[in-house]
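Here the structure comes first, spelled out in structure tokens, and everything after it is commentary.
The values are calculated or read from the model by the stated rules, or taken from the named source; none is laboratory data. A quick note: this is a predicted structure, and the numbers were derived from the prediction, not measured. So basically every Cβ, Gly included, is an ideal-geometry build from the backbone, and we count neighbours across all protein chains shown.
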């Protein structure tokens, strides 16, 4: 506990940027701000461990419910939508609770991590679709609670000009877990007689370790308590009146409505290449490997070239991936290229969106501001997952993917004017780092 408490003061010192001097903690006098503070590395370790646990389950879940339980693609679309939609509904609550707690982002994040860890062993006990859906809903509730407070901790601990890099480092560590999780699941499926149960049991143990690392090594506060009244829920929702945040959220929603779920993309590749069942958990590795290698370079590029621009370009990369899946090609390199483009998409959008959003809201509302953008995007992807599952059931996977590709191209064109020109601090009434 000493390690966590001893670093907590560093995240709440004075700001180094004149435009954000009153909003964002910075280095102490006489000290140079670290590009990647210890808080970010500690949170990265928590995310790495937790993602090993989560991706072990995610890697086998599509095959488990579709091949093992005989669920239709529409039914799986509903379950996959729960993964995104339920978490999205509580994400704003998590961000608001952290802000209202005057810097108690760690406490709210710990509740979220703990709730997800408790759900993992329940997968050993449920074997019907409704019960699996209920467990996933609770698990995603935990994820929704923890996401905004965690990202707020990263934002508040990092100097504005380095946030793209900091989020890139965190996402790279997070993706290391995503890379290891499917490998562990693959090994367990090969070695254990009851492979799925073994995956769920080991996942529960790993998740518990992640919670312990959070409690022991992450600082308890993101900064000193702010003066003045605590922000209410109405204050959090009123952030959408800020033009920069509103336009960024709208762009994220438009693009999220055409972002096909990872699981559906992997199922399309598996069916197209006729991969054996035990190789299916390896498909996310291509995405994770590319994301891991590119997250930090893309984060640094976003700091220099513009975070909104890179976010939009990432979706054009995803569109290229859709095109390869639809092309009449049957060589093995197609799968490699699709997974590589998929990883590039995440490296250019995941942490980059959070870094862009963090510059549009004041420090005392970082949790709620990041949650608004993330909630809009997640709800849009929830709708896309439901629509894609229904379309696959009615018309087939390739047909509905073609429709999604056309919709993504239209959404990218519509989002371009929304994110092309950032608002200045004078017009938004908030701080906005540069470049964006």
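Points worth noting:
- Restricting the stretch 181-194 to residues that are assigned to a helix (DSSP H, G or I) and free of Cβ contacts under 8 Å to residues at least 12 places away in the same chain, the residue that is surrounded by the fewest Cβ atoms within 10 Å (Cβ to Cβ) is 191.
- Test set (1) crowded, with 22+ Cβ neighbours inside 10 Å; (2) modelled with pLDDT of 90 or more - residue 45 fails condition number: (1)
- The helices (runs of 4 or more DSSP H) found wholly in the stretch 327-420 and carrying at least 1 residues that are under 19 Å from residue 286 (Cβ atoms) and modelled with pLDDT of 90 or more occupy 332-358, 397-419.
- Selection within the stretch 293-311 - touching a helix residue (DSSP H, G or I) at 6+ places or on another chain (Cβ under 6 Å) and crowded, with 21+ Cβ neighbours inside 10 Å: 294, 295, 296, 298, 299, 302, 303, 307, 308, 310, 311
- Taken together, 212, 136, 131 contain a single residue that is closer than 24 Å to residue 111 by Cα, under 17 Å from the mean Cα position of the chain (by Cα), free of Cβ contacts under 8 Å to residues at least 60 places away in the same chain and assigned to a helix (DSSP H, G or I), which is 136.
- Evaluated against (1) in a helix (DSSP H, G or I); (2) surrounded by fewer than 20 Cβ atoms within 10 Å (Cβ to Cβ); (3) at pLDDT below 90, residue 85 falls short on exactly one condition, (2).
- Residues in the stretch 216-241 that are crowded, with 17+ Cβ neighbours inside 10 Å, more than 14 Å from residue 363 (Cβ to Cβ) and at pLDDT 85 or above: 217, 218.
- The criterion of being out of contact with any strand residue (DSSP E or B) (no Cβ under 9 Å at 6 or more places or on another chain), surrounded by 19 or more Cβ atoms within 10 Å (Cβ to Cβ) and modelled with pLDDT of 90 or more holds for residue 154.
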